[in-house]
1. Looking only at region 25-38, which residues are more than 8 Å from the chain's Cα centre (by Cα) and either open to solvent by 60 Å² or more (accessible area, probe 1.4 Å) or not small (G, A, S) (or both)?
2. Say we look at region 5-24 and pick out the residues that are surrounded by 13 or more Cβ atoms within 10 Å (Cβ to Cβ) and within 10 Å of the chain's Cα centre (by Cα); which of these is nearest to N89 (Cα to Cα)?
3. Going through region 49-71 one residue at a time, which ones are in contact (Cβ under 8 Å) with a residue 24 or more places away in the chain and either in contact with a strand residue (DSSP E or B) (Cβ under 6 Å, 6 or more places away or on another chain) or of a type in the set (K, R) (or both)?
4. Out of region 72-109, which residues are among the β-branched types (V, I, T), in a helix (DSSP H, G or I) and free of Cβ contacts under 8 Å to residues at least 60 places away in the same chain?
5. I'd like to verify a number: residues in region 39-71 that are assigned to a strand (DSSP E or B), open to solvent by less than 70 Å² (accessible area, probe 1.4 Å) and at pLDDT 85 or above, how many?
6. Answer yes or no as to whether L23 is in contact (Cβ under 8 Å) with a residue 12 or more places away in the chain and not hydroxyl-bearing (S, T, Y).
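The values are calculated or read from the model by the stated rules, or taken from the named source; none is laboratory data. Please read all numbers here as calculations on a predicted model, not as lab measurements. Don't worry about glycine lacking a Cβ; one is built from the backbone with ideal geometry, like all the others, and counts go over all protein chains shown. With ligands, DNA and RNA removed, areas are computed over all heavy atoms of the protein, side chains included. Shrake-Rupley method; radii C 1.70, N 1.55, O 1.52, S 1.80 Å.
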Amino acid sequence: MGVTKTEKFTAQQNQLALFAKVLGHPARIAILQHIIKIDSCICGDLVEETGLAQATISQHLRELKNINLIQGSIEGTRVCYCINTTTWNKMGSLIKGFINQNIKDKNCC
């Protein structure tokens, strides 16, 4: 497999692609939806909520944290996570800008 040449693309294109990649797994979507639904930090019920193994949940949380979609704080022996609203809003803006591009309705095919 070839090396991705990210330097050939704009920072915005690279950032949008990173968000899309991380959102490309249904478990991560479920995790984000659950955190948003409970409207507070989540500490330990993701295993029960998703039915996935703790190791799998940890891997998905790490991916979400790597791009700063979630942030964590240590409380005793647990790490509690919540949505990083700054990154969430940036992601929303990038996705909306991409989706809302003006496409002319023409019969090209």
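1. Within region 25-38, H25, P26, I31, Q33, H34, I35, I36, K37, I38 qualify.
2. Among them, the one singled out is F19.
3. Correct list: L64, I70.
4. To start, the set of residues in region 72-109 that are among the β-branched types (V, I, T) comprises 74, 77, 79, 83, 85-87, 95, 99, 103.
Checking which are in a helix (DSSP H, G or I) leaves us with 85-87, 95, 99.
The answer is T85, T86, T87, I99.
5. We begin by selecting, within region 39-71, every residue assigned to a strand (DSSP E or B); these are 42, 70-71.
After this cut, where a residue has to be open to solvent by less than 70 Å² (accessible area, probe 1.4 Å) as well, the list is 42, 70.
Adding the requirement that they be at pLDDT 85 or above leaves 70.
Result for region 39-71: 1.
6. Here the answer is no, as L23 does not meet what is asked.
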